[in-house]
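Data block below; observations after.
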Amino acid sequence: MKRRDALLAGLAADRDGEDTAVGRLRQCMIALARMNEGHRQETNSLLMAWVRAGRPLLEDPYLADLFATIAAAGLESGEFRTGVGAERIGHSLRDLYLGALYRWCGSPERGEKEAAAPDGLTTELLDILDLTLNGIRAA
């Protein structure tokens, strides 16, 4: 709950006049990364305990809801294509975030230098977001 409140407070304080859904998603990914990068050992311990307790399956997916709220605004404004619901987008972005977080927490042992860099999580989350928004198909 403490980390959730910190995320929401950080997003509210760091709007930087950003009114687009893409901009808000970028701000959210940056806020999540900074929150974790500043406390790597704590993040690692919390993540391990969270997974062991089965919380990913049982917990209210507040982060997916946050992403979905932003996606709904993007769908409404025409910034995102129709045909995929905001809830699906929200859950997909949450899944991508958690996958990146798992890799980042385990990266020192696996020798992944990019992820182990101080801003490695920020870089990966923004890369993942860009990949999601732009796709992998050639134009």
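One table, with the values for the structure above:
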{"read-out": "Gaussian network model of the chain, springs between alpha carbon atoms under 10 Å - residue of 42, 79, 59 with greatest fluctuation", "value": "59"}
{"read-out": "Semi-axis lengths, Å, the stretch 23-105, gyration tensor of Cα atoms, sqrt of 5 times eigenvalues", "value": "26, 15, 9"}
{"read-out": "Extension gain (nm, one decimal) between residue 12 and residue 46, 0.36 nm per residue minus Cα-Cα", "value": "9.8 nm"}
{"read-out": "Of 63, 98, 77, farthest towards positive along the dipole that unit charges on Lys, Arg, Asp, Glu beta carbons give the chain", "value": "98"}
{"read-out": "Note, ³J(HN,Hα) from phi for the stretch 22-31, Karplus 6.51, -1.76, 1.60, rounded to Hz, x at Gly and Pro", "value": "4, x, 5, 5, 4, 4, 5, 5, 5, 4"}
{"read-out": "Efficiency of FRET between residue 136 and residue 20 - r from beta-carbon atoms, R0 25 angstrom, step 0.05", "value": "0.65"}
{"read-out": "Binned Cα-Cα distances of the chain, short to long, each 5 Å bin given as a whole percent", "value": "2, 9, 18, 23, 21, 15, 8, 3, 0"}
{"read-out": "Over the stretch 29-76, volume per residue of the alpha carbon convex hull, in Å³", "value": "68"}
{"read-out": "Loop-located trypsin sites (Lys or Arg not before Pro) in the stretch 3-112 whose Cβ has at most 11 other Cβ within 10 Å (DSSP)", "value": "15, 81"}
{"read-out": "Under the Karplus curve 6.51 cos²θ - 1.76 cosθ + 1.60, θ = phi - 60°, whole-Hz ³J(HN,Hα) for the stretch 71-88, x wherever Gly or Pro sits", "value": "5, 4, 5, x, 5, 5, 7, x, 5, 10, 6, 7, x, 10, x, 4, 5, 5"}
{"read-out": "Label point distance in nm, residue 35-residue 60, each placed 7 Å from Cα along Cα→Cβ", "value": "1.5"}
{"read-out": "Charge tally in the Cβ shell below 14 Å around residue 89, where Lys, Arg are +1 and Asp, Glu are -1, residue 89 excluded", "value": "-1"}
{"read-out": "Residues whose placed amide H lies under 5 Å from that of residue 80, excluding near-sequence neighbours", "value": "75"}
{"read-out": "Dimensionless Rg ratio for the stretch 1-67, taking C-alpha atoms and the 2.2 N^0.38 Å reference", "value": "1.21"}
{"read-out": "95, 130, 19, reordered so the largest accessible area comes first (probe 1.4 Å)", "value": "19, 95, 130"}
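The values are calculated or read from the model by the stated rules, or taken from the named source; none is laboratory data. Quantities reported herein were computed from a predicted structural model and do not represent experimental measurements. Ideal geometry is used to build each Cβ from the backbone, glycine not excepted, and the neighbour counts take in all protein chains shown. Side chains included, ligands, DNA and RNA excluded: accessible areas come from the protein's heavy atoms. Shrake-Rupley method; radii C 1.70, N 1.55, O 1.52, S 1.80 Å.
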